[in-house]
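Notes follow the structure.
Read-outs throughout are calculated quantities, based only on the coordinates presented, and are distinct from any laboratory measurement. The structure presented is a predicted model; accordingly, all values stated were derived computationally and were not measured. Heads up, the Cβs are rebuilt from the backbone with ideal geometry, glycines too, and the neighbour counts pull from every protein chain shown.
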Amino acid sequence: MGTFNCPLRLTNMHSDLSVSVDAMVDTGAFYTQVPATMLKQIGVQPFDNFVFRLADGSTVRRDVGRAWASVNGKQEITMVVFANEKSPALLGAYTLEGLNLAVDPVSERLLTIKTRPM
């Protein structure tokens with residue numbers, strides 16, 4: 001499957017500061033991640049830190065916060081990972097599910113899910 005990007009806007013929980021990024025859609029990533037400086041710039045606060053296993057098998061510990069995510073006119077609160085500055089912005093499965101979006105890998109686009117799984 002190929003990868004593709006889509007516009008993602010993250011807004012702090014007070015809905016007064018936001019940042020827009022071109023995020024890679026990555027269903028292999030559970031959470032959405034953006035560089036930590038972007039999240040700090042809009043006032044997203046970490047509430048915990050988790051250990052993550054990377055694609056190469058190594059593990060890292062990263063802060064995690066909450067923000068409003070907006071994609072294709074849909075908005076929902078999601079968890080976001082404070083990534084290092086060299087990491088790409090990723091739109092992960094948790095956020096996609098929350099926004100009721102599915103990936104069409106052939107057309108490289110996001111589709112609205114008409115029904116939710118039980």
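Suppose we filter the range 1-20 for residues that are part of a strand (DSSP E or B) and of a type in the set (Ser, Thr, Tyr); how many remain?
Counting residues in the range 1-20 that are part of a strand (DSSP E or B) and of a type in the set (Ser, Thr, Tyr) gives 3.
When you go through (1) without any contact (Cβ under 8 Å) to a residue 24 or more places away in the chain; (2) more than 20 Å from LEU10 (Cα to Cα); (3) among the aliphatic types (A, V, I, L, M) one by one for LEU111, which number turns out not to apply?
Result: LEU111 fails condition (2) only.
Filtering the range 83-118 down to residues that are crowded, with 16+ Cβ neighbours inside 10 Å and either in contact with a Gly (Cβ under 7 Å, 6 or more places away or on another chain) or among the hydroxyl-bearing types (Ser, Thr, Tyr) (or both), which residue is nearest to VAL34 (Cα to Cα)?
It comes out as SER87.
Inside the range 61-92, can you point out the residues that are closer than 23 Å to ASN5 by Cβ, part of a strand (DSSP E or B) and either more than 16 Å from the chain's Cα centre (by Cα) or among the small types (Gly, Ala, Ser) (or both)?
Result: GLY65, ALA67, ALA69, SER70, ALA83.
Just to be sure I understand the filter: pairs with C-beta atoms under 9 Å, separated by 6 or more residues or on different chains, first member in the range 26-55 and at positive phi, second member surrounded by fewer than 16 Cβ atoms within 10 Å (Cβ to Cβ). Which pairs pass?
Hits for this filter: GLY43/MET13; GLY43/HIS14; GLY43/ASP16; GLY43/LEU17.
Under the condition of being within 10 Å of PHE82 (Cα to Cα) and outside any helix (DSSP H, G or I), which residue from the range 21-60 is nearest to the chain's Cα centre (by Cα)?
THR32
Could you check the range 15-37 and list, in sequence order, the residues that are in contact with a Phe, Trp or Tyr (Cβ under 9 Å, 6 or more places away or on another chain) and either among the hydrophobic types (A, V, I, L, M, F, W, C) or crowded, with 17+ Cβ neighbours inside 10 Å (or both)?
If the condition is that a residue be in contact with a Phe, Trp or Tyr (Cβ under 9 Å, 6 or more places away or on another chain) and either among the hydrophobic types (A, V, I, L, M, F, W, C) or crowded, with 17+ Cβ neighbours inside 10 Å (or both), then MET24, VAL25, ALA29, PHE30, TYR31, THR32, GLN33, VAL34, PRO35, ALA36 are the ones that fit.
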